[in-house]
Amino acid sequence: MDQWTIALLGDSRVGKTTLATMFTLNCIPGPFRKQLVVDNRMCFVEVLDAEGGDYILPEGQGFVLIYSVTSPASFDKTAAFHQTLVRAKKTLPPFILVGNKADAHNAREVSKEEGAALARELGCEFLETSAKTAQNVERTFITLIRALRRRKAEEAELAVAPKPSKRTVVSDKCVVM
């Protein structure tokens, strides 16, 4: 069974705790943990929720960068959370950009197009969610689990790939001029 630790990064009041709660609703009591099947394979996910705390960065294997579609300030801070992630990890881990509170139609201040553009700039997938209605909540984590599995498979493939020889091969043919 796969085991993944996913950290939620974002400004305060963007819905990190609500997103984690909605994802793990009716699951293992206590911390945010959930067992689920993704692509016919069982996995166990622990979700770390911290108020922008750098202490969760070393533990996270995958990351959800979250902003609120009702808060341009939280959207603007997303790039800073991404930079913190880049500095904290030797190689950039799988992550997804999430615009939360998509159900708040009348209060929206960040367009879906702005979120998609930022995701392209950061080189990640993008979803809008509503932790309140559960819209795309599970899909967010499933998308990230698939990315984590792809990364793990790539790393395993690199680990078994033959390493180039340090010997230099000299051709045994001569050239007549």
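Worth a mention:
- Residue 1 contributes an accessible area of around 140 Å² to the protein surface, as traced by a 1.4 Å probe with all chains present.
- Tensor-based shape of region 66-148 (alpha-carbon gyration tensor, a/c under 1.5 rounded, otherwise prolate or oblate): oblate
- Looking at region 1-134, the accessible area is 50 square angstrom per residue; that uses a 1.4 Å probe and ignores ligands, DNA and RNA.
- Other residues lying with their Cβ under 14 Å from the Cβ of residue 151 contribute a combined charge of +1, Lys and Arg counting +1, Asp and Glu -1.
The values are calculated or read from the model by the stated rules, or taken from the named source; none is laboratory data. This is a predicted model, so every value here is computed, not measured. Glycine gets a Cβ as well: all are built from the backbone with ideal geometry, and neighbour counts include every protein chain shown. To get the accessible areas, we keep the full protein, side chains included, count just its heavy atoms, and leave off ligands, DNA and RNA. Shrake-Rupley method; radii C 1.70, N 1.55, O 1.52, S 1.80 Å.
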